[in-house]
DNA sequence: ATATGTGAAAGTTTTCACAGCA
DNA sequence: TGCTGTGAAAACTTTCACATAT
């Protein structure tokens with residue numbers, strides 16, 4: 001689904017105004033019917049005999065996915081991965097604004113990274129509650145991920161994206177998404193082994 | 001599938017020798033039948049009335065997934081994300097050894113990161129062919145991802161994991177896997193918007 | 001003419017339910 | 001008794017094929 005956005009934004013840059021499900025399917029590497037089913041799901045956006053208006057379609061998809069607004073994010077763990085996330089252009093572009101960065105390393109506290117002052121993790125609750133934070137990103141080493149999650153839960157954050165390679169326990173009402181690099185490499189190893 | 005490994009390795013550390021599909025399902029957050037089906041797929045590894053022997057099961061899964069061996073990897077793009085990958089303990093632990101790191105920035109060439117000398121990307125083919133490289137990791141900015149992929153293809157690499165937020169074109173016989181952070185945040189936004 | 005939207009068919013995955021074995 | 005392995009059922013997803021709209 002995210003692929004659609006990526007491809008459609010590419011088309012917008014090329015100033016292509018209309019696209020057919022067939023052409024779009026080609027670029028997204030999926031079946032044309034798939035696309036028509038998906039797009040029909042949130043309203044009739046295509047024009048028969050013509051195709052889809054790229055700009056309108058993008059707006060509709062963004063609305064449907066809930067990214068027609070900004071999402072306030074915070075990040076815990078200003079290591080290399082944390083810095084990569086703080087500097088990641090596309091996140092901010094898509095409305096995922098990392099408002100604050102936390103770390104428990106005294107050497108990092110006070111440092112500025114990509115326009116953010118690094119704040120002590122113990123002050124997370126206090127700081128995060130001043131602003132309504134929607135999503136927390138964990139980019140700590142695995143052994144500190146649970147603690148980061150606990151801080152986030154205490155601040156009332158309901159969505160956690162965990163980049164640390166470990167599972168975390170959260171209360172029922174919190175949604176966790178895991179981003180695990182190893183899994184991608186495992187999947188690649190499997191595909192290379194079973195041609 | 002990678003979840004099984006993560007959880008089983010956790011159990012191994014806790015020196016738990018046997019686990020039932022029910023308990024394993026709980027930790028992996030899936031249905032017990034799911035697990036039994038999956039595990040039965042590559043042989044009868046469970047013992048009725050008892051459960052699965054953790055250590056044997058792990059070996060069987062690793063064999064099945066093709067990670068009972070080492071995979072030689074290279075990385076292109078020694079920015080923050082590249083450094084995070086080079087320092088990522090679990091990748092090496094799982095047999096994904098990043099053998100060389102490349103970058104086109106003259107200021108980075110020659111630098112040592114996590115025990116690797118950063119090499120000029122133009123020398124990739126020459127260097128990578130000396131060692132049989134299985135997998136290439138791209139952690140460049142998006143505008144340089146395609147070039148990195150081209151270098152990898154010229155060196156005969158058949159598996160590419162692309163961390164840059166852009167699609168790349170590769171020849172038929174090359175497998176590409178995309179790791180896109182934005183997609184995870186989009187999925188989170190969607191789940192938070194549709195409770 | 002051309003390309004969408006969609007019901008029906010085919011395919012795939014998940015879950016159930018219980019026989020079978022330690 | 002307790003827990004696996006598995007066929008059958010249910011749920012979900014993908015694809016086809018064509019009526020329908022511009």
Which residue is farthest from residue B:101 (Cα to Cα), if the candidates are limited to the stretch B:61-83 and must be touching a residue at least 40 places away in the same chain (Cβ under 8 Å) and assigned to a helix (DSSP H, G or I)? B:61
Output for the stretch A:155-195, where each listed residue is farther than 21 Å from residue B:86 by Cβ, assigned to a helix (DSSP H, G or I) and in contact with a strand residue (DSSP E or B) (Cβ under 8 Å, 6 or more places away or on another chain): A:191, A:192
Condition (residue is surrounded by fewer than 18 Cβ atoms within 10 Å (Cβ to Cβ) and in contact with a helix residue (DSSP H, G or I) (Cβ under 9 Å, 6 or more places away or on another chain)) applied to the stretch B:158-169: is it met by at least one residue? yes
Looking at the stretch B:35-61, which of its residues are more than 9 Å from DNA strand D (Cβ to nearest atom) and exposed (fewer than 15 other Cβ atoms within 10 Å of the Cβ)? B:42, B:55, B:56, B:59
Restricting to the stretch A:174-190, give me the number of residues that are facing chain B (nearest Cβ under 9 Å) and over 22 Å from residue B:9 (Cβ atoms). 1
Does the stretch A:101-112 contain at least one residue that is crowded, with 17+ Cβ neighbours inside 10 Å and in a helix (DSSP H, G or I)? no
Taking the stretch A:113-143 only, how many residues are within 14 Å of chain B (Cβ to nearest Cβ) and part of a helix (DSSP H, G or I)? 2
Please name all residue pairs, on different chains or six or more residues apart, with Cβ atoms under 7 Å, provided the first residue is in the stretch A:161-173 and is within 8 Å of chain B (Cβ to nearest Cβ) and free of Cβ contacts under 8 Å to residues at least 40 places away in the same chain and the second residue is surrounded by fewer than 20 Cβ atoms within 10 Å (Cβ to Cβ) and in a loop (DSSP other than H, G, I, E, B). A:165/A:180
Subset of the stretch A:62-84 [within 7 Å of chain B (Cβ to nearest Cβ) and buried (at least 24 other Cβ atoms within 10 Å of the Cβ)]: A:81
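Give me a count of the residues in the stretch B:24-34 that are touching a strand residue (DSSP E or B) at 6+ places or on another chain (Cβ under 9 Å) and near DNA strand D (Cβ under 8 Å from one of its atoms). Give the steps one after another, and end with the answer.
Within the stretch B:24-34, the first condition is being touching a strand residue (DSSP E or B) at 6+ places or on another chain (Cβ under 9 Å), and the residues that meet it are B:24, B:27.
Keeping just the survivors that are near DNA strand D (Cβ under 8 Å from one of its atoms) gives B:24.
Of the residues in that region, 1 qualify.
We did not get these values from a lab; they are worked out from the coordinates using the rules stated. Bear in mind the structure is a predicted one, so any value in this text is a computation, not a measurement. Positions of Cβ are backbone-derived with ideal geometry, glycine not excepted, and every protein chain shown enters the neighbour counts.
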